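For reference, the structure discussed in these notes is given below.
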Amino acid sequence: MTQNELAIPRVGGVDEASKSGVATVATPTGTAFLRRLRNRIRWPQGRRAIGFGKLLRTTAFKLTLVYLTVFALFAASLLGYFAFNTRRLVTEQITRTVNAEITGLTEQYNTGGIRRLVFVVDARARRPGSSLYLVTTFNGEGLAGNVGSLAEGVMNTPGWTETAYRRLDDPEGTEHHALVRVFQLPGGFRLLVGRDLEERERLFDIISAAGQWSVAVVIVLGLAGGFFVARRVLARVDAMTDTTRTIMAGDLSGRLPVAGSDDELDRLAVNLNEMLERIEALMRGFKEVSDNIAHDLKTPLTRLRNRAEEALRMGKQDSDYRAALEGTIEESDELIRTFNALLMIARAESGGASTHMGEFDAADIVRGVGELYDPLADEKGVALRIDAAEAMPLRGNRELVTQALANLVDNAIKYAAWHDVGAREAPPSITVTARSEGDQVLLTVVDNGPGIAQADRGRVVERFVRLEASRSEPGSGLGLSLVSAVAHLHGGELRLEDNAPGLRAVLVLPRAGRQLPTPTD
Amino acid sequence: MRILIVEDDRDAADYIARAFREVGHMADQAADGEEGLALALEREYDVLIVDRMLPKRDGLSLIGELRNKDVHTPILILSALGQVDDRVKGLRAGGDDYLTKPYSFSELLARVEVLARRRGGRGEETVYRVGDLELDRLSHRVSRGGSEIDLQPREFRLLEYLMKHAGQVVTRTMLLENVWDYHFDPQTNVIDVHISRLRSKIDKGFSQPLLHTIRGAGYMVRDAK
């Protein structure tokens with residue numbers, strides 16, 4: 001079928017359509033032109049200008065083609081069905097009329113014989129219209145009618161035939177088509193009644209043409225739409241690609257453009273931006289660590305070296321050397337501790353697959369840490385209170401969470417005890433609680449020590465940051481950094497709040513999905 | 001005591017071997033996994049010290065092979081990898097203890113001595129006795145010189161561990177790992193405070209102290225007589 005051929009979506013289809021005068025596309029679409037356009041994307045700077053060939057290869061355009069094919073096939077078959085049925089309807093109408101006329105004429109013949117029939121047929125044949133009549137004798141001699149010539153043998157085959165014919169009043173050589181019925185009259189005469197088919201064919205042609213036109217329009221509009229959509233998508237994807245390239249080149253501060261339309265590309269861009277944010281933070285952390293390692297490990301290393309050098313230069317007896325060596329070991333132990341803490345923070349911060357995650361009871365951790373620190377608090381004259389009665393399922397790294405909480409308690413004891421005792425009324429005390437709030441578990445360590453000034457709270461979680469007031473206390477300045485890193489690893493956070501007086505440190509961690517069985521002990 | 005050190009860092013291996021010989025032990029060295037395996041199968045050792053990352057055959061595979069061949073010599077794994085998962089993997093492969101680099105020799109020595117005496121040690125006894133101090137593991141009772149001492153559950157476990165290894169140095173890290181099951185380093189030395197509490201309960205009022213601090217190493221329960 002012609003419709004089907006048209007429905008096959010080829011770029012060339014546009015070309016054919018434009019030849020037949022349908023297309024109103026502004027772009028010339030010869031294959032040579034296509035090739036030229038396709039070549040454009042091979043230009044080295046062609047990334048900016050969206051190439052034609054590149055457009056053709058986009059998912060959006062390919063999808064458009066698929067939809068276009070489906071729609072065109074659908075339109076074509078619908079019109080085909082319509083055309084077929086119209087044709088059938090017209091044919092049926094012709095048959096009915098012809099049958100009625102034959103019945104009428106047979107009656108005339110039966111009542112008035114051949115003479116009357118010839119008379120009636122003559123009269124009818126003279127009327128203008130598309131009706132055909134012919135009466136012949138048994139051996140084919142014409143008696144009446146308006147048929148000039150017929151295809152051979154038609155009169156000898158009674159029944160329905162579609163045949164070529166010429167009317168009597170037509171000039172010689174013209175040819176029409178008609179649907180005729182040949183009827184054998186009693187007495188050997190033959191009667192032919194028929195209708196010209198021109199009307200039917202014209203109707204069919206009109207519908208076919210309409211079908212072809214509409215399919216052509218569907219293709220043209222579809223292709224144009226496809227190009228438009230592909231162009232739009234491609235422009236955005238290209239913008240994203242450009243940004244990624246600059247980011248890959250080393251500028252981590254770049255972010256992908258977000259159009260604000262909240263579509264799938266926007267969501268992708270937002271997610272990628274979040275990923276970049278994280279990478280940037282990690283890289284910044286990495287840089288900070290290396291800077292800090294350089295600074296803070298160099299200081300004790302220099303001290304170590306100086307001590308050894310001094311012992312070599314000034315040492316007079318064995319005990320001098322011994323003292324120097326013991327000091328050296330102490331210093332290097334301290335270095336190893338700092339180094340371990342740094343590694344732990346780095347590991348918690350990089351997080352992910354390398355960290356073993358399990359499910360455990362947060363209240364258990366609180367009780368364990370409380371029990372570990374109780375004698376120390378006691379010795380320092382600090383009242384340590386633990387409040388964690390009910391089981392609180394938590395998903396995470398048990399070891400890291402324990403260490404984070406231990407660091408908070410350690411800090412609290414240090415500062416609660418360190419605070420100038422004369423200056424306050426209440427005796428130093430610390431409360432450690434585990435409490436769940438919504439889908440979060442809050443591990444809180446509250447002290448009534450000096451607290452941390454609002455301005456310093458953000459700073460203390462950074463590595464090696466030690467507030468002036470505490471410089472004299474032992475410690476690496478890494479404790480809170482580790483807590484903060486552990487919180488982030490678990491998708492939680494470390495909140496430092498004012499307890500007036502004192503500090504309220506809250507380690508916020510996400511609750512585990514399902515309830516833990518109640519501990520039996 | 002005879003020790004095999006399987007370690008590819010020659011300096012480190014030499015240092016450990018020398019130190020062990022100084023305190024009166026015998027130490028053999030192997031520089032790679034295959035040599036270590038051959039030596040461990042050929043000779044009788046009390047403890048094997050195996051580095052985790054070795055040329056030719058890695059430490060874990062060496063341990064697995066030995067255990068497959070029914071060699072049950074206690075093994076201490078040395079490793080630069082110190083995560084919980086790494087330790088679990090090492091112990092699951094058949095190691096008996098896991099020590100992360102860098103370590104002090106006193107820590108290594110204490111752990112090796114505990115490992116070596118584990119076989120035929122006092123693990124099966126129900127009552128530990130050191131001098132006039134008695135600890136009943138079944139009834140959870142502790143008494144000294146006939147009078148009962150009231151201990152908290154954790155203090156009991158602490159004393160139990162110390163008495164199980166009576167006469168041997170036990171480091172702070174060993175206590176933290178075995179009594180508390182914590183594998184991290186608390187900022188302040190909380191163990192010292194626990195020990196001094198325990199000491200005040202078992203040694204106070206007695207002329208002969210049993211719980212001793214070993215400077216630069218750890219603690220030891222010992223009857224001085």
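Structure above, values below:
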item	result
The range A:318-372: number of residues that are farther than 21 Å from A:N306 by Cβ, part of a helix (DSSP H, G or I) and modelled with pLDDT under 85	14
Odd one out for B:I195, checked against (1) within 14 Å of chain A (Cβ to nearest Cβ); (2) out of contact with any Ser or Thr (no Cβ under 8 Å at 6 or more places or on another chain); (3) in a helix (DSSP H, G or I)	(2)
For B:L54: the one exception among (1) assigned to a loop (DSSP other than H, G, I, E, B); (2) within 19 Å of the chain's Cα centre (by Cα)	(2)
Cβ pairs under 7 Å, 6+ apart, first in the range B:62-82 and away from chain A (no Cβ under 14 Å) and of a type in the set (V, I, T), second part of a helix (DSSP H, G or I) and surrounded by fewer than 19 Cβ atoms within 10 Å (Cβ to Cβ)	B:V71/B:L41
Scan of the range B:207-225 for residues that are part of a loop (DSSP other than H, G, I, E, B), at pLDDT 80 or above, small (G, A, S) and within 16 Å of B:T173 (Cα to Cα), ordered by number	B:A217
Residue in the range A:305-322 that is surrounded by 11 or more Cβ atoms within 10 Å (Cβ to Cβ), within 14 Å of another protein chain (Cβ to nearest Cβ) and either of a type in the set (S, T, N, Q) or farther than 29 Å from B:F184 by Cα (or both) present	yes
Cross-chain or 6+ apart pairs with Cβ under 7 Å, the range A:288-315 first and assigned to a loop (DSSP other than H, G, I, E, B), then modelled with pLDDT of 80 or more and of a type in the set (G, A, S)	A:G315/A:A324
Strands (runs of 3 or more DSSP E) within the range B:92-183 that include 2 or more residues over 14 Å from the mean Cα position of the chain (by Cα)	B:127-130, B:133-136, B:141-144, B:147-149
A:V98 exposed (fewer than 13 other Cβ atoms within 10 Å of the Cβ), in a helix (DSSP H, G or I) and either in contact with a strand residue (DSSP E or B) (Cβ under 7 Å, 6 or more places away or on another chain) or assigned by TED's automatic domain parsing to the domain that holds A:A209 (or both)	no
Residues satisfying the stated conditions in the range B:36-51, i.e. buried (at least 20 other Cβ atoms within 10 Å of the Cβ) and outside any strand (DSSP E or B)	B:G36, B:L37, B:A40, B:Y45
Test result for B:D8, in contact (Cβ under 8 Å) with a residue 24 or more places away in the chain, out of contact with any helix residue (DSSP H, G or I) (no Cβ under 8 Å at 6 or more places or on another chain), surrounded by 16 or more Cβ atoms within 10 Å (Cβ to Cβ) and over 15 Å from B:G90 (Cβ atoms)	yes
The range A:309-339, residues that are among the polar types (S, T, N, Q) and touching an Asp or Glu at 6+ places or on another chain (Cβ under 9 Å)	A:T338
Enumeration of residues in the range B:143-192 that are within 13 Å of chain A (Cβ to nearest Cβ) and hydroxyl-bearing (S, T, Y)	B:T171, B:T173, B:Y182, B:T188
Per-region count, the range A:70-92, residues over 19 Å from A:V217 (Cα atoms) and loosely packed, with under 13 Cβ neighbours inside 10 Å	6
Selection count, the range B:198-225, where residues are in contact with a helix residue (DSSP H, G or I) (Cβ under 9 Å, 6 or more places away or on another chain), under 26 Å from A:D333 (Cα atoms) and within 14 Å of another protein chain (Cβ to nearest Cβ)	3
Meets criteria (assigned to a loop (DSSP other than H, G, I, E, B) and closer than 21 Å to A:R87 by Cβ) for A:G129	yes
Residues satisfying the stated conditions in the range A:329-346, i.e. of a type outside the set (A, V, I, L, M, F, W, C), more than 9 Å from chain B (Cβ to nearest Cβ), closer than 26 Å to A:R398 by Cα and surrounded by 16 or more Cβ atoms within 10 Å (Cβ to Cβ)	A:T338
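The values are calculated or read from the model by the stated rules, or taken from the named source; none is laboratory data. Since we're looking at a predicted model, the values are computed, not measured. As a convention, Cβ positions derive from the backbone with ideal geometry for all residues, glycine included, and neighbour counts pool all protein chains shown.
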